[in-house]
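Working notes for the structure below.
The values are calculated or read from the model by the stated rules, or taken from the named source; none is laboratory data. Just so you know, these numbers come straight off a predicted model, no measurement behind them. Here the Cβ positions follow ideal geometry from the backbone for every residue, glycine too, while neighbour counts run over all protein chains shown.
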Amino acid sequence: MEGPGKSRESGRPGQGEPYRAGCMVCGAELVYSGTDQDETCHYCGRVTATSTRCVNGHFVCNFCHSADALEIIKTVCLHGRQTDPVALMRTIRSHGQFPLHGPEHHCLVPAVILSTLRNSGHPVTDSQIVTAVKRGQTVTGGSCAFLGACGAAIGVGIAVSVLTGATPYDGDKRQAVQRITQAVLGKIASYDAPRCCQRDCWLALKEAVEPLREQTGISLAVSRFTCEQFDENKECIHDRCPLWPSNPSNT
Ligand SMILES: [Zn+2]
Ligand SMILES: [Zn+2]
């Protein structure tokens, strides 16, 4: 952790703009105790002995404090205990180094799926999660328009591919993976809308629940939430988005 923050300097920063002082999570003042106590990292859930937390009780471990977006995805998905992929996505996206939009989301989707499946009892190895993140990195930014397939949809395909061990030689698995990606992509493509990585990841994770249940027998619970970033997203489609605050359906 860096030196103590004296006060919150301004209102909440935008996505990707960390607080410049104080608590990384909420911007509040940090407090220091005379002896170490075990605290759980807000992002990755690892328990560490520390003398530092914020007045609101947040603790961020040294690794998460200095991690970049990809490191945060890997660390949180390898060590976290969340079983709701949307809640896990929101934890990761709340990190100050995570951008509002960008190809990091192509890694986020498969990692979040594999981590929450593992936390729900499905066997998933660390190396499968790391592999999923690496494959997500191969999907370039803007792939939705430049390559004709949104990276969030491909991210679901990556997750299922890693889970099933699909290869280009295996007809059954190759077909299954592509059908799942196709179904998710169909949902994302039903919107005549500029990209919003939050909306597209949300749609991908929701759409992935049923095919993942068929693959694993586990029905992931996907939480609802309303968008809090529309002020920062100049391409926001407002009330046409399922995450728009006044949209009660949220589906
Ligand atoms: Zn805090
Ligand atoms: Zn951490």
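Filter the stretch 1-29 for residues that are buried (at least 16 other Cβ atoms within 10 Å of the Cβ) and among the small types (Gly, Ala, Ser); which is modelled with the lowest pLDDT? The qualifying residue modelled with the lowest pLDDT is Gly5.
Results for (1) in contact (Cβ under 8 Å) with a residue 12 or more places away in the chain; (2) on the phi > 0 side of the Ramachandran plot; (3) more than 17 Å from the chain's Cα centre (by Cα), shown as yes or no for each residue.
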{"position": "Ile113", "(1), (2), (3)": "yes, no, no"}
{"position": "Gln128", "(1), (2), (3)": "yes, no, no"}
{"position": "Gly136", "(1), (2), (3)": "yes, no, no"}
{"position": "Val139", "(1), (2), (3)": "yes, no, no"}
{"position": "Ser143", "(1), (2), (3)": "yes, no, yes"}
{"position": "Thr164", "(1), (2), (3)": "yes, no, yes"}
{"position": "Pro168", "(1), (2), (3)": "no, no, yes"}
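Within the stretch 62-90, the only residue that satisfies the criterion of being within 14 Å of ligand 1 (Cβ to nearest atom) and either in contact with a helix residue (DSSP H, G or I) (Cβ under 9 Å, 6 or more places away or on another chain) or within 22 Å of Leu205 (Cβ to Cβ) (or both) is Cys64.
Checking the conditions here, which among Thr52, Thr35, Thr48 is of a type in the set (Val, Ile, Thr), at pLDDT below 95 and within 10 Å of ligand 2 (Cβ to nearest atom)?
Thr48
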